[in-house]
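Notes follow once the structure below has been shown.
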Amino acid sequence: MASTYPRDLFGYGRTPPQASWPGGARLALSLVLNYEEGGENSVLHGDAGSEQFLADIGPAQIEPLIGARAYNTESMFEYGSRAGFWRIHRLVTSRQVPLTVYGVGMALVRNPPAAQAMAAAGWEVASHAYRWTNYAEMPEAEEREQIGRAIAAIEDTVGERPVGWYCGRVSANTRRLVVEEGGFLYDSDSYADDLPYWNYEHGRPHLILPYSLDNNDLRFSTNGVFTGEDFFDYIRDAFDMLYAESAETPKMMSVGLHCRLVGRPGRIGGLARFLDHVEAHDDVWIARRRDIAAHWIAEHPPEPGA
């Protein structure tokens, strides 16, 4: 009797597919910059209170300020758009490293120079929803409308429709609405694997490129790490393990970044050291997520008839 349990706990199991990355690369590495500043919760944006997640306040508890502006929190986000973004931009473009941006629509609209710099650098700008807020209880019709606004915002500011999607703070409807919208090569609202995989739940095959919340500078805001060296140690160890495993079955690694977190001067050295470490390995494919998705679609198409 077939199981009716709605989760896949098996995945690829003992026999993951051979990724066949371009050039015979052992590991595909995806660097992701989350651009959220200006799209977070704020009474200025019509929200009931201030943002309480991923502000640069370390182990201190962040309580949302209801009905009023939280000037300290706002300034931490502003640091990301005013200074942190450009520091990361200088580092990445100086090394000509491909990168994917998870761009919040409202945030991009509020900072056209940053959006234009992303486009000029050849970065992929995937959609990070229209707002950086919790969609869990949003009415379906409103979320559908916001998906359309998110797409339009990237088209208007970057000059190209997004082909990738990552909400992060999803509802029960998010993936279905993304599939129904169409035009996306992939979404990354999953942390379930070290390789892309197909989802068949919503009427047609839909590619998932899993993301990472552990190889992620959000640890700076949750008291998980403090220094750039802490960050470097962790993501280097993750890279080394995946690289070793990839001698037999090539894997994918994602690293998540935020302008207001790793963009601080005392932390970005950890990212620079990680890039040094990666560049010492010849057989690593550093790629935009859209390119990884296109490769997977060509090399590992969905099941026939699915």
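The values are calculated or read from the model by the stated rules, or taken from the named source; none is laboratory data. Note that the structure is a prediction, hence the values are computed from the model and not measured. As a convention, Cβ positions derive from the backbone with ideal geometry for all residues, glycine included, and neighbour counts pool all protein chains shown.
Observations on the model:
- Only one of Val125, Val163, Val170 that is out of contact with any Leu (no Cβ under 9 Å at 6 or more places or on another chain) and either surrounded by 16 or more Cβ atoms within 10 Å (Cβ to Cβ) or of a type in the set (Lys, Arg) (or both): Val170
- Selected residue (criterion: nearest to Ala107 (Cα to Cα)) from residues of segment 66-90 that are in contact with a helix residue (DSSP H, G or I) (Cβ under 8 Å, 6 or more places away or on another chain) and outside any helix (DSSP H, G or I): Arg69
- Test: residue in segment 62-73 that is of a type in the set (Gly, Ala, Ser) and modelled with pLDDT of 90 or more: no
- Any hit, segment 90-113, residues being farther than 30 Å from Gly266 by Cβ and hydroxyl-bearing (Ser, Thr, Tyr): no
- Ser188 among the small types (Gly, Ala, Ser), touching a Phe, Trp or Tyr at 6+ places or on another chain (Cβ under 7 Å) and surrounded by 15 or more Cβ atoms within 10 Å (Cβ to Cβ): yes
- Number of positions in segment 131-182 that are assigned to a loop (DSSP other than H, G, I, E, B), among the aromatic types (Phe, Trp, Tyr) and at pLDDT 95 or above: 1
- For Pro265: the one exception among (1) assigned to a loop (DSSP other than H, G, I, E, B); (2) without any contact (Cβ under 8 Å) to a residue 40 or more places away in the chain; (3) more than 22 Å from Ala19 (Cβ to Cβ); (4) not basic (Lys, Arg): (2)
- So Leu271, is it part of a helix (DSSP H, G or I), within 15 Å of Leu91 (Cα to Cα), in contact with a Gly (Cβ under 8 Å, 6 or more places away or on another chain) and not aromatic (Phe, Trp, Tyr): yes
- Residues satisfying the stated conditions in segment 217-246, i.e. at pLDDT 95 or above and not in a helix (DSSP H, G or I): Ser246
- For segment 223-240, the set of residues classified as exposed (fewer than 15 other Cβ atoms within 10 Å of the Cβ) and touching a residue at least 60 places away in the same chain (Cβ under 8 Å) consists of Asn223, Phe226, listed by residue number.
- Selected residue [basic (Lys, Arg), surrounded by 16 or more Cβ atoms within 10 Å (Cβ to Cβ) and at negative phi] from Arg95, Arg87: Arg87
- Here Leu27 fulfils each of the conditions (1) modelled with pLDDT of 90 or more; (2) closer than 21 Å to Cys167 by Cα; (3) touching a Lys or Arg at 6+ places or on another chain (Cβ under 7 Å) apart from (2).
- Subset tally (residues that are more than 12 Å from Gln146 (Cβ to Cβ), buried (at least 23 other Cβ atoms within 10 Å of the Cβ) and in contact with a Ser or Thr (Cβ under 8 Å, 6 or more places away or on another chain)) for segment 98-113: 5
- Count - residues of segment 161-211 that are closer than 25 Å to Met118 by Cβ and in contact with a Gly (Cβ under 6 Å, 6 or more places away or on another chain): 1
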